[in-house]
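Quick note: the coordinates plus some simple rules give every number you see, no bench work behind them. Fair warning: this is a prediction, and the values are worked out from it, not measured in the lab. In this analysis, Cβ positions are derived from the backbone assuming ideal geometry, glycine residues included, and neighbour counts consider all displayed protein chains.
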Amino acid sequence: MPKAVVCRELGPPEKLRLETFASVPLAPGQVRVAIRAAGINFPDILMAAGEYQLKPPLPFTPGVEAAGDVIEVSEAQGVAVGDRVIVKMRHGAYCDEVVVTPSQLVKLPSTFDYAEGATFLAGHGTAYHALIDRGQLQAGEVLLVHGAAGGVGLAAVELGKLLGATVIATASSDEKLAIAKTRGADHLIRYDREPFREAVKRVTDGRGADVVFDPVGGEVFESSMRCINWGARLLIIGFTGGIGVAKTNLLMIKGASVLGVRAGEAVRRNPALGEIRIKALTEWAEAGKIRPNVSHRLPLEDYAKAMRLLIERKAIGRVALVMG
């Protein structure tokens, strides 16, 4: 019988349980996918703890993205048994098989394996929405990426360089910064050795950053307001370091904007945005221009250990659960 990670009680990853379940028959228009890999994302951790904006009724299975093979189709158009696909979900990806509709499927780029496909659209999709739709990053501008070795941060480094920006990456270790450099970072800041606000001013000759990509929040957001250029855009991706407080006088003086980034919600409200985003990302992936960095691949039964890698900041890029 197929297995799934189930949340029956809100809390840390260790409260989740691996359970078997019975496959259900397909309704017309549905597709069954055998999951080969599932990506680990911070929203999964927050959702299981009851701290995310989406709160599914208990019990539920975490996981917003996966990749696998279509194994059954019931009167669904545009998909066939044997297709290698990426699966987009609001939750439910930590399992051996899922039943979805064709609108939730994206063709797996031929350049990717399953773990890369399962860790692609959430991170790179968020970075795309942030830098292009919200931040309107232009070639020649300076992009400051915090948490540059995380899943979305590393994607932002890669896309920022692809878009022609000068990319400044911050991280907590030389190992993490080395990976950011391989993905295109022009300047590297290890923030435990030098305050990043001073380093940004130094490497930009006092100009500051035009766009700030911030999945960290807290003091990082507050310090970022002190190293920005006129007309800067500060992109709020997340708050892994706490909730930041906006100094409105600093924003006014620099004519700056603070922009919230919710890539999934933006597509739910305007599906055309998602079509444009996925087309661009998959074309860049097929051309070999972008690729997730999967630092850890663990079996499904090690879901708690995999989630802990994100919580404890031990991942560089992405973490995937691998089935079979």
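Computing FRET efficiency as 1/(1 + (r/R0)^6) for Ser103 and Glu19, where r is the C-beta to C-beta distance and R0 is 25 Å, gives about 0.35.
Calculate the FRET efficiency for Glu275 and Glu51 from the Cβ-Cβ distance with a Förster distance of 51 Å, rounded to the nearest 0.05.
According to the calculation, E is roughly 0.95.
First check a/c for region 1-157, with a ≥ b ≥ c the square roots of the eigenvalues of its C-alpha gyration tensor; if it is under 1.5, answer rounded, and if not, answer prolate when a/b is larger than b/c or oblate otherwise.
Numbers: a/c = 2.25, a/b = 1.31, b/c = 1.71.
Oblate shape, in that a/c is at least 1.5 and b/c is the bigger or equal ratio.
By its C-alpha gyration tensor, with a ≥ b ≥ c as the square roots of the eigenvalues, how is region 122-264 shaped: rounded for a/c under 1.5, else prolate for a/b larger than b/c, else oblate?
Working: a/c = 1.25, a/b = 1.11, b/c = 1.13.
In terms of gyration-tensor shape, rounded.
Using the Cβ-Cβ distance between Leu251 and Arg193 with R0 set to 25 Å, the FRET efficiency from 1/(1 + (r/R0)^6) comes to roughly 0.35. Structure remark: mean-square fluctuation, Gaussian network model of the chain, C-alpha springs under 10 Å; the largest value among Val245, Val142, Val98 belongs to Val245. Please list the helices of the chain that count as membrane-span-like by this rule: a mean Kyte-Doolittle hydropathy of at least 0.0 together with Cα atoms stretching 15 Å or more along the helix axis, each helix being a complete DSSP H run. Flagged H segments are 151-162. Per-residue extension of 0.36 nm, minus the Cα-Cα distance of Ala304 and Ile71, leaves a gain of 81.1 nm for this segment.
In this model, which of Lys15/Lys176; Lys55/Lys88; Lys161/Lys181; Lys181/Lys247; Lys107/Lys314 are farther than 21 Å apart at the alpha-carbon? Walk me through the intermediate numbers first.
Working: Lys15/Lys176 30 Å; Lys55/Lys88 18 Å; Lys161/Lys181 11 Å; Lys181/Lys247 31 Å; Lys107/Lys314 30 Å.
Among Lys15/Lys176; Lys55/Lys88; Lys161/Lys181; Lys181/Lys247; Lys107/Lys314, the Cα-Cα distance tops 21 Å for Lys15/Lys176; Lys181/Lys247; Lys107/Lys314.
How large is the dipole of region 122-264 about the Cα centre if only Lys and Arg carry +1 and Asp and Glu carry -1, each at its Cβ, rounded to the nearest 20 debye?
Numbers: 16 positive and 14 negative charges, 37 e Å.
It works out to roughly 180 debye.
Of all DSSP beta bridges confined to the chain, the antiparallel ones make up roughly 55%. Against the compact-protein benchmark of 2.2 N^0.38 Å, the Cα-based radius of gyration of the chain scales to 1.00.
Cβ neighbours within 10 Å, averaged per peptide: list 10-23, 58-71, 115-128, 40-53 in order, most packed at the top. Show your work: numbers first, answer last.
Numbers: 10-23: 13.6, 58-71: 21.9, 115-128: 26.6, 40-53: 19.4.
Going from most to least packed, we get 115-128, 58-71, 40-53, 10-23.
Output needed for region 79-175: three equivalent-ellipsoid semi-axes, defined as square roots of 5 times the C-alpha gyration tensor eigenvalues, in descending order, whole Å.
30, 15, 12
Annotation for region 299-314 versus region 69-144: alpha-carbon center distance of 21 Å.
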